[in-house]
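Enquirer: Could you have a look at this structure, given as structure tokens, before my questions?
The values are calculated or read from the model by the stated rules, or taken from the named source; none is laboratory data. In this text the structure is predicted, and so the values were computed from the model without any measurement. Here the Cβ positions follow ideal geometry from the backbone for every residue, glycine too, while neighbour counts run over all protein chains shown. For the accessible areas, the whole protein counts, side chains as well, though only heavy atoms, and no ligand, DNA or RNA atoms are used. Shrake-Rupley method; radii C 1.70, N 1.55, O 1.52, S 1.80 Å.
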Amino acid sequence: HDLLEGRGTGRRGADVAALYLATEAERLGLRGAGLNGGFFQPVPLIEATIDSARTRLVLTGPGTSEEFAYGTGFIPNVGTARTLVPFAGEPVYVGSAQDVLAARDRLPPLVGRVILLAGMFGSEGAAADTLRARGASGVIHLVGDDERFQLYVRSRGPSRMFIAEAAGAVSSFIPDIPAVIASPGLERALLAGLPGAGAPTGHLARLIVLAGRRIEVSVGITTRPLPARNVAALLPGTDPLLADEVVVYTAHYDHLGLSTPDERGDSIYNGFSDDAAGAAMLLVIAKAMQSEPRPARSVLFLFLTGEERGLLGSDYYAAHPLFPPTRTAAGINLDAGAPPAPGVSWRIAGGGLSTLGAVAIAVAHRAGWEAQVAPASPNSDYFPLLRIGVPAVFLVPGPGAFEGMTTESSNALRRRWDHYHQPGDHWFADFPFSGLVRYAEYAYRLGLEVASGPRPAIIPPR
């Protein structure tokens, strides 16, 4: 609802949403699994508000100098106190993060150089560590078209958030190197005159030193403590031998809050599909699991904060788990948007890293659906669970046609309802909820299977 102002992380609307979820969990008969037996796990954050007057980028060359402003020319990426800092140096184009990892042993010293990177780090976060180890002073992400750049502008908002250093949590998502995201105008200026510069950035040569040019990035921020909280509710298991183990469901309950207005002047990013729908599915799964047969293991319903800001709530949970990894049998994450019709195909992100993936595929096949594993990526709240050794998957509705529909009609329905990271992603009474019913049903079936069956195991890397 607009009254919650997009449930921005650490904002009043998110506090109202957290209180609502705790109240609903208590009404359903769930137990508080948070601090002092309550439903909340405090998450200490720091908010860094960007000062536009002190944030700029200057590109100089032989006899030229061009300045780009924050917001229109570039924006700082997600960051921490360590990475939301000025940087400067000679620009070097290195291709994509995959290119960096493929050539890590052949990269030259990068001390005092600014990296031009095609795209984002994504699942290749190790590329950021490689670049920092080689001495790179910072990174400029080249994302191509203006639509994608504007998506990052809306998603990042006017401030950056990170976990307070004293909390001892390590980020899964925030690269440990200063980085900004370039607008198409800045990207054209950076690549002007290079071989292949008219082609997509990934088609350029792997490593090009832009000799005689220099980039200077200034970043000004003002920081303040920002308290936030996860919501944790427990359904106790029925088997005395297994009840001290948990299967954890995760979904984030906050969103982007107030951000860039759209053409109608709407600045409230309600986040119905991403991820109020996921939080709603957790509540209905909790209600369904109260019926027979009750699960043998306990089930933890974890509503997380700060996913859009860099997996903050889940990273904090991974550092301070309410149930240690040795007692956490599996994690099931719901955060793929609200499908507007019943799906018959699924992607199991992270499914290849544990036997949980095979269980998820078997559950889908028994229901007459298709499913296949997909690589793990730090793009949602299951990833920090994987980092601490918990078998975890992210159930993603597949890209194929919906049940009883053609591919064309399915894609048209997706276009009608997909308002990812836009103010238009809000509640509609005529939204076709059958797709969410199917999504929740799959997650429910998988949770029951794991909560009463053999415990999944991590598959050792080859």
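Enquirer: Each label point is 7 Å from the Cα along the Cα-to-Cβ direction; what then is the distance between the points at Gln290 and Ala362, in nm?
Expert: Modelled inter-label distance: 3.1 nm.
Enquirer: Compute the acute angle (0 to 90°) between the alpha-carbon long axis of helix 434-452 and the principal axis of greatest extent of the alpha-carbon atoms of the chain; round to the nearest 10°.
Expert: The two axes meet at around 70 degrees.
Enquirer: Whole-Hz ³J(HN,Hα) for each residue in the stretch 209-222, computed from phi via Karplus 6.51 cos²θ - 1.76 cosθ + 1.60 with θ = phi - 60°, x for glycine and proline: what do you get?
Expert: Result, ordered by residue: 8, 8, 4, x, 10, 8, 10, 10, 10, 9, 10, x, 9, 10 Hz.
Enquirer: Mind jotting down a quarter of the surface of the convex hull over the alpha carbons of the stretch 235-325, in square nanometres, one decimal? Don't skip to the end; give the middle numbers.
Expert: On the way: hull surface 27.8 nm².
So the Cα hull casts an average projection of 7.0 nm².
Enquirer: Could you work out how much longer the chain between Asp176 and Gln372 gets when fully extended? Use 0.36 nm per residue separation minus the Cα distance between them, nm to one decimal. The partial results should precede the final answer.
Expert: Working: separation 196, 0.36 × 196 = 70.56 nm, distance 3.20 nm.
Length gained between Asp176 and Gln372: 67.4 nm.
Enquirer: What are the residues whose amide H is under 5 Å from the amide H of Ile181, where those residues sit 5 or more places off or on another chain and H is modelled from the backbone?
Expert: Long-range HN contacts for Ile181: Ile75, Asn77, His141.
Enquirer: Moving to a separate point now. So how much slack lies between Arg264 and Glu165, counting 0.36 nm per residue of separation and subtracting their Cα-Cα distance, in nm? Please report the intermediate quantities before stating the final value.
Expert: Working: separation 99, 0.36 × 99 = 35.64 nm, distance 3.97 nm.
Going from the current span to full extension adds 31.7 nm.
Enquirer: Report the charge-dipole magnitude of the stretch 16-146 in Debye, nearest 20, computed about the Cα centre from +1 at each Lys and Arg Cβ and -1 at each Asp and Glu Cβ.
Expert: 420
Enquirer: Also, quick follow-up: Counting only protein heavy atoms, what percent of the accessible surface of the stretch 1-139 is carbon or sulfur at a 1.4 Å probe? Please list the in-between numbers first.
Expert: Numbers: 3260 of 6240 Å².
Here carbon and sulfur together make up 52 percent of the probe-accessible area.
Enquirer: Dipole of the stretch 266-315, Cα-centred, from +1 at each Lys and Arg C-beta and -1 at each Asp and Glu C-beta, to the nearest 20 debye?
Expert: It works out to roughly 380 debye.
Enquirer: Would you work out the charge dipole size for the chain about its Cα centre, treating the Cβ of every Lys and Arg as +1 and the Cβ of every Asp and Glu as -1, and quote it to the nearest 20 debye?
Expert: Working: 39 positive and 44 negative charges, 182 e Å.
Computed about the Cα centre, the dipole is about 880 debye.
Enquirer: Moving on to the next point. Report the calculated FRET efficiency for Asp146 and Thr223 (r = Cβ-Cβ distance, R0 = 41 Å), to the nearest 0.05. Mind showing how you got there, number by number?
Expert: Values: r = 30 Å, r/R0 = 0.74.
It comes out at approximately 0.85.
Enquirer: Now a separate question. What does the extension gain come out to for Asp105 and Ser123, with contour length at 0.36 nm per residue minus their alpha carbon separation? The partial results should precede the final answer.
Expert: On the way: separation 18, 0.36 × 18 = 6.48 nm, distance 1.97 nm.
Working it through step by step, the gained length comes to 4.5 nm.
Enquirer: Starting at the first residue of the stretch 165-182, write each ³J(HN,Hα) from the Karplus equation 6.51 cos²θ - 1.76 cosθ + 1.60 with θ = phi - 60°, in whole Hz, x for Gly and Pro.
Expert: Couplings: 4, 5, 6, x, 9, 9, 6, 8, 10, 7, x, 8, 7, x, 8, 10, 10, 8 Hz.
Enquirer: HN-Hα J couplings of the stretch 311-325 from phi, Karplus 6.51/-1.76/1.60, θ = phi - 60°, integer Hz, Gly and Pro as x?
Expert: Ordered by residue, 3J(HN,Hα) equals 6, 5, x, 6, 5, 5, 4, 4, 7, 9, x, 6, 10, x, x Hz.
Enquirer: Can you list residues from other chains, or at least 5 along the same chain, whose modelled amide H is less than 5 Å from the amide H of Thr260?
Expert: none
Enquirer: In addition: Spin-label point model (7 Å from Cα, Cβ direction): what's the Thr49 to Arg27 distance in nm?
Expert: Using points 7 Å along Cα→Cβ, the separation is 3.6 nm.
Enquirer: What distance in nm separates the two pseudo spin-label positions at Leu207 and Ile388, each 7 Å out from Cα along the beta-carbon direction?
Expert: 3.9
Enquirer: Right, something else. Can you list, bin by bin at 20 Å, the percent of alpha carbon pairs in the chain, starting at 0?
Expert: 24, 55, 20, 1
Enquirer: What does the accessible area per residue of the chain come to in Å², with a 1.4 Å probe and no ligands, DNA or RNA counted? Don't skip to the answer; put the middle values down first.
Expert: Working: 19070 Å² over 462 residues.
Heavy-atom SASA per residue in the chain reads 41 Å².
Enquirer: Now for a different question. With unit charges on the beta carbon (Lys/Arg positive, Asp/Glu negative), name the residue among Tyr317, Pro340, Phe428 whose Cα is farthest towards the positive pole of the charge dipole of the stretch 309-462.
Expert: Tyr317
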